[in-house]
């Protein structure tokens, strides 16, 4: 089981707490919970049972957790959950029946023979649960074209060692390459300030060869962040820096 994520987000005078955790290999799914005031508003579960059959490590599970957690945060910031708490329960909760507001009668002025138009009736409230809103949001995000960054060669990053890795940028839907995407490699650690060790751009086929040297670390922990930036979005890949035994 991997350490999860916990984040507090303030939106429209409410503090949303998002918790994402892995349930472990014996129960292979990732669960995100959204709280407001200690009350669970929604849950999102993603199974990785199929990936487990073909082999999956903690690094990949951690990536799935982070992606789901960031998507939930983005959904809150975009106002996807701006509904009364009673109307945004999770799928397992009973959704109360909506109460339609009454509209008072408008008197007809005595000085005119025209009948004023009746007040506009409010539309029916959204009866979807918050979990359904999340599913709809994830579906809309999946349908939008955005940049996807991938490593074309498996490589390990060792402290103080030179590394060469080929990366590729593609459009998520058409899978066509993204040329001239900005590639940056940054090293972060618990003992030093972040350091950029590579900058470049992808070629016409959407690929780039990254050649750089990982700074030596004798203590603390460090990670490499390979990021790509383009007009249709950004993406990044994280890798831990290891020490040779």
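Below, the figures for the structure above:
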{"item": "Area projected by the alpha carbon convex hull of segment 173-215, averaged over all directions, nm²", "result": "4.0 nm²"}
{"item": "Contour minus Cα-Cα distance for residue 152 and residue 199 (0.36 nm per residue)", "result": "15.1 nm"}
{"item": "Gain upon complete extension [residue 190, residue 67; 0.36 nm per residue less C-alpha separation]", "result": "42.0 nm"}
{"item": "Longest to shortest principal axis, alpha-carbon extents of segment 145-245, angstrom", "result": "44, 22, 19"}
{"item": "Mean projected area in nm² (Cα convex hull; one quarter of hull surface) for segment 198-245", "result": "4.5 nm²"}
{"item": "Which of 205, 57 has the fewest Cβ neighbours within 10 Å, and the rest in rising order", "result": "57, 205"}
{"item": "Residue order, fewest to most surrounding Cβ atoms within 10 angstrom, among 34, 237", "result": "237, 34"}
{"item": "Per-residue Cβ neighbour rank within 10 angstrom, fewest leading, 41, 151, 64", "result": "151, 64, 41"}
{"item": "Distance (nanometres) between label positions extended 7 Å along Cα→Cβ at residue 159 and residue 209", "result": "3.0 nm"}
{"item": "Theoretical FRET efficiency, 1/(1+(r/R0)^6), r = Cβ-Cβ of residue 78 and residue 43, R0 30 Å, to 0.05", "result": "0.95"}
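Laboratory data are not the source of any read-out in this text; all were calculated from the coordinates shown. All values reported here derive from a predicted model rather than from experimental measurement. For neighbour counting, all protein chains shown are included, and Cβ atoms are generated from backbone atoms with ideal geometry for every residue, glycine included.
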